[in-house]
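See below for the structure under consideration.
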Amino acid sequence: MRAFIDSVPLYRDDSDDPMFWADDRLQARRDELLQRQIGWLVEASTYYQKAFADSGVDPASIRSTDDLVRLPVTTKADLMGDPQAFRLRFAQPGLYDLTYSTVYTTGTTTGRPTPYEYTTHDFLGMLLCGKRTYKTAG
């Protein structure tokens, strides 16, 4: 697989691809991204602001993926009850916070589809994931 990757400049030059990272570097990156996400939830998600307060979890204490077991479980019913409470609403949204698309669940369980939004950030993440999937598949 490495020979194929090295033969395609788009793939070869993807120096930030975690596929080839050592385990300790990968775990450090996971923890860094988790802390960023928790910060976003505290700042901009009405659902998670309330969930943290109700459960007594100090978001600042969530430092690594090992801490995930302390977080309150979010259910499908929670999302269906107030989908907009899950949308990050930053005080000063940037380009990456714009809604790219709103999609709906099929609603087969309840008969009522639930909306959820993809932001520009989400869309760009999916493109990167697709690029790396094709890279892996050769």
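The values are calculated or read from the model by the stated rules, or taken from the named source; none is laboratory data. Here the structure is a predicted model, which means the values were calculated and not measured. FYI the Cβ positions are ideal-geometry reconstructions off the backbone, even for glycines, and counts take in every protein chain you see. Ligands, DNA and RNA are stripped out before the accessible areas are found, and what is left, the full protein with its side chains, is counted by its heavy atoms. Shrake-Rupley method; radii C 1.70, N 1.55, O 1.52, S 1.80 Å.
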Find how many whole Å separate the alpha carbon centroid of the stretch 78-102 from the alpha carbon centroid of the stretch 1-27. 32 Å
For the chain, the percent of accessible surface on carbon and sulfur atoms (probe 1.4 angstrom, ligands and nucleic acids excluded) is 58 percent
Scattering curve values for the chain, log₁₀ I(q)/I(0), Debye with Cα scatterers, q = 0.21 Å⁻¹: -1.30
Using a 1.4 Å probe, how large is the accessible area of residue 102, given in Å² and rounded to the nearest 10? 60 Å²
Taking amide H positions as placed 1.01 Å from N in the peptide plane, with prolines and chain starts having none, which residues 5 or more places from residue 105, or on another chain, fall under 5 Å of its amide H? 114, 116
Work out from phi, with θ = phi - 60° and the Karplus expression 6.51 cos²θ - 1.76 cosθ + 1.60, the ³J(HN,Hα) of each residue of the stretch 29-42, listed in order in whole Hz, and give x for Gly and Pro. 5, 4, 5, 4, 5, 4, 4, 5, 5, 4, x, 5, 4, 5
Vicinal HN-Hα couplings computed from phi for the stretch 17-24 (Karplus, 6.51 cos²θ - 1.76 cosθ + 1.60; Hz; Gly/Pro x): 6, x, 4, 10, 6, 5, 4, 5
When the chain is fully extended, how far beyond the present Cα-Cα distance does residue 27 get from residue 121, taking 0.36 nm per residue of separation? 31.6 nm
With each run of n ≥ 4 DSSP H residues scored as -39500 (n - 2.57), what mean residue ellipticity at 222 nm is computed for the chain after dividing by its residue count and rounding to the nearest 500 deg cm²/dmol? -14500 deg cm²/dmol
Which far-off residues, 5 or more places away or on another chain, put their amide H under 5 Å from the one on residue 119, with H placed in the peptide plane? 100
According to the Cα gyration tensor, what semi-axes, each the square root of 5 times an eigenvalue, does the equivalent ellipsoid of the stretch 72-138 have, listed from largest to smallest in whole Å? 25, 19, 11
Residue 43: accessible area at probe 1.4 Å, nearest 10 Å²? 110 Å²
Provide 36, 63 ordered by accessible surface of protein heavy atoms (probe 1.4 Å), highest first. 63, 36
Tilt relative to the chain, helix 46-55 - C-alpha long axis, 0 to 90 degrees, to 10: 70 degrees
Mind giving me the FRET efficiency for residue 85 and residue 131? R0 is 30 Å, r the Cβ-Cβ distance, nearest 0.05 is fine. 0.40
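So, R0 is 22 Å and r is the distance between the beta-carbons of residue 64 and residue 44; what FRET efficiency does that work out to, to 0.05?
Values: r = 22 Å, r/R0 = 1.01.
Between residue 64 and residue 44 the formula returns 0.50.
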